[in-house]
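Here is the structure we will look at.
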Amino acid sequence: MAITILGPTFNLPIGPLASLSLYITATVDALERAIVMANLPGQGRTELIHDGTSFGYLYELGTRTDYTDPMTGGVGFSYTIKRRGGWPDAVVNLHVIAYDVAGGEQLNY
């Protein structure tokens, strides 16, 4: 298994209307699915951004595109994450669960 998740560092301050970038790739077995969540520590909750198929209502302004990492050759997805109405917290932590077709799993909690 060789799944790579590259996103903002945890506890990174964020502006209310900022967008976040996230890259999820696999180099050995193809990436099958990635579930993306936003933890809002000041609100005491976690919101579903993308369930592997579609964006949740608050995150429909975001995009997911096919992506190939030029450094590793890994293939997967690039996300631009925007929250409808802006971010209610000054800090957002992205959490990802990614699966490849061989059953491998990578978490970034």
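Read-outs throughout are calculated quantities, based only on the coordinates presented, and are distinct from any laboratory measurement. These numbers come from a predicted model, not from an experiment. Positions of Cβ are generated from backbone atoms using ideal geometry, with glycine treated the same way; all protein chains shown enter the neighbour counts.
Here are a few things to note about the model shown:
- Debye, to nearest 20: dipole size of the chain, +1 on Lys, Arg Cβ, -1 on Asp, Glu Cβ: 400 debye
- Positive-end residue, the chain charge dipole about Cα centroid, Cβ charges, pick of 104, 16, 48: 16
- Cα-based convex hull, the chain, per residue volume (Å³, whole number): 92 Å³
- In order through segment 25-38: 3J(HN,Hα) via Karplus (6.51 cos²θ - 1.76 cosθ + 1.60), integer Hz, x for Gly, Pro: 9, 10, 10, 9, 9, 4, 5, 9, 7, 9, 10, 10, 10, 10
- By the Stokes-Einstein formula, at 1.567 mPa s and 4 °C, segment 38-81 with its Kirkwood radius over alpha-carbon pairs has D equal to 108 µm²/s.
- Contact order normalised by residue count of segment 1-94, Cα under 8 Å, 6+ apart, percent: 39 percent
- Placed amide H near residue 33: partners under 5 Å, 5+ positions off or other chain: 99
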